[in-house]
Amino acid sequence: MIRRQFLLGTVSTIAAIAVGGASANAAETVKVGLVLSMSGPFSQYGRQMENGIRLFMKEHGDTIAGKKIELVIKDDGGLAPDRARRAVQDLLVRDKVDILAGFTFTASAMAAAPLAKEAGVAMIVMNASSSGITAASPYMIRVGQTLPQITEPAARYAAEQGYKKIYTLVSDITAGHDAEAAFVRGLKAAGGEVFGSLRVPAQNPDFAPFVQRIKDAKPDAVFVWLLPGEATINFIKEFNQRGLRAEGVTMLGTGDLTDELTIEATGEPGVGVVTTGHYSMAHASPKNEAFVKAYLADYPQDKWPNFLSVSAYDGMAALYRGLEKTGGDAAGPAITDALKGEPFESPRGPIEIDAVTRDIVQTVYVRKVERVNGRLSNVEFHEFPKSRDTTQ
């Protein structure tokens, strides 16, 4: 009871101070509090997002609707909800920000949601991909992706190809379970069925026995969802070493299986992997070509933009569009109402904020890893327009 009273008191204090802060800032500046993963194992994610944000502001200026945009960045350290909560408290109470944005992981977004809701502050979620999180605050808008949104199209594609024997292999964590469920749901809806399912330890898995088990079953395809990074690289290499690609087994996954940040480390074993995702650096459009060119010019040390930099870039586009429509009013209700149902043209293609769920609606692309001009790329060859998270 004491802890609950303390938390309620903290939230009430945040609400009062945030309202006062918004009034103080209303005349000239809109302060945007960014919660990003700038240290720890996911620091490259935070860097990608910050790069996308700063690139947008370089292209569009730091003033919109007569208000100067000021960024305040806080590091949540990755998968650390308590640290994210403290960061948001600081942003609202000490820094008196008007809008919250960023949020690489669902845990951070959900830690922030009660505080933002009580303070009436808009949250522009640039990635956090668990389904339904926008219900946690009426002022939350997501511009990134949801895991079911990009997973179900993989199942639909598999059914279209006529694959009869499909295995699934996922990390034994909530996100992996969600991906497995979404794939199974999508496959059944398309008239298909999963032949077998495997779950592997999230930390330091030995893939050899799992891959051998799949090989012995002689499937047509295997759907994979693993924690991005070392696990995806190691699995793809083991898949090839065990001869499954040579035997014609198709590897399916979501975009993070062959993300731009890891695809070069995977090397030739990654060629031929098929994934579904909302962004590829190789996406063919004038807007994306300009985005990639500008990104590589400003951040050559990071080598390439990925889905996080694009989502952050689009998050700033949403923020600017919202402020433009409200005449500079940064209050949570005003910003969210302005963005409901709003369409955008993104480097990834057409996107929209759902008028009811405040979640992202976008094209999900089917891509295959190919070597293009000496670089491994996710080459798009099929699409599912206006994809939504059907679980909401």
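Structural remarks
- Within the stretch 61-83, residues that are in contact (Cβ under 8 Å) with a residue 40 or more places away in the chain and farther than 30 Å from residue 328 by Cα sit with their Cβ atoms under 7 Å from residues that are surrounded by 17 or more Cβ atoms within 10 Å (Cβ to Cβ) and of a type in the set (Lys, Arg), at 6+ positions apart or across chains, in these pairs: 77/83.
- A single member of 282, 246, 290, 208 is within 27 Å of residue 52 (Cβ to Cβ), hydrophobic (A, V, I, L, M, F, W, C) and more than 19 Å from the chain's Cα centre (by Cα), and it is 290.
- Residue list for the stretch 287-318, filter: modelled with pLDDT under 95 and of a type in the set (Asp, Glu): 302
- Residue 293 vs. criteria under 25 Å from residue 117 (Cα atoms), free of Cβ contacts under 8 Å to residues at least 40 places away in the same chain, in a helix (DSSP H, G or I) and not aliphatic (A, V, I, L, M): no
- Once the stretch 86-100 is narrowed to residues that are assigned to a helix (DSSP H, G or I) and touching a helix residue (DSSP H, G or I) at 6+ places or on another chain (Cβ under 7 Å), the residue that is surrounded by the most Cβ atoms within 10 Å (Cβ to Cβ) is 88.
- Residues of the stretch 132-174 that turn out to be over 27 Å from residue 239 (Cα atoms), among the charged types (D, E, K, R) and surrounded by fewer than 24 Cβ atoms within 10 Å (Cβ to Cβ), as a count: 0
- Flag for residue 392 being in contact with a Pro (Cβ under 8 Å, 6 or more places away or on another chain) and either closer than 16 Å to residue 149 by Cβ or outside the structural domain of residue 71 (by TED's automatic domain parsing) (or both): no
- Pairs where the first residue, in the stretch 316-335, is among the acidic types (Asp, Glu) and the second is assigned to a helix (DSSP H, G or I), C-beta under 8 Å, 6+ apart: 329/323; 329/335
- Within the stretch 155-182, considering residues that are under 17 Å from the mean Cα position of the chain (by Cα) and of a type outside the set (D, E, K, R), the one farthest from residue 202 (Cα to Cα): 182
- Only strands (runs of 3 or more DSSP E) whose full extent lies in the stretch 298-392 are considered here, and the ones with at least 3 residues that are of a type outside the set (D, E, K, R) and surrounded by fewer than 21 Cβ atoms within 10 Å (Cβ to Cβ) are 360-372, 375-387.
- Qualifying residue in the stretch 210-232 (condition: modelled with pLDDT under 95 and within 21 Å of residue 387 (Cβ to Cβ)): yes
- Test: residue in the stretch 220-235 that is touching a Lys or Arg at 6+ places or on another chain (Cβ under 9 Å) and closer than 22 Å to residue 196 by Cα: yes
- Every residue from the stretch 26-36 that is farther than 14 Å from residue 91 by Cβ and either in a strand (DSSP E or B) or modelled with pLDDT of 95 or more (or both): 29
The values are calculated or read from the model by the stated rules, or taken from the named source; none is laboratory data. Predicted model only: the values in this text are computed from it and were never measured. Neighbour counts run over all protein chains shown; Cβ positions are idealised from the backbone, glycine included.
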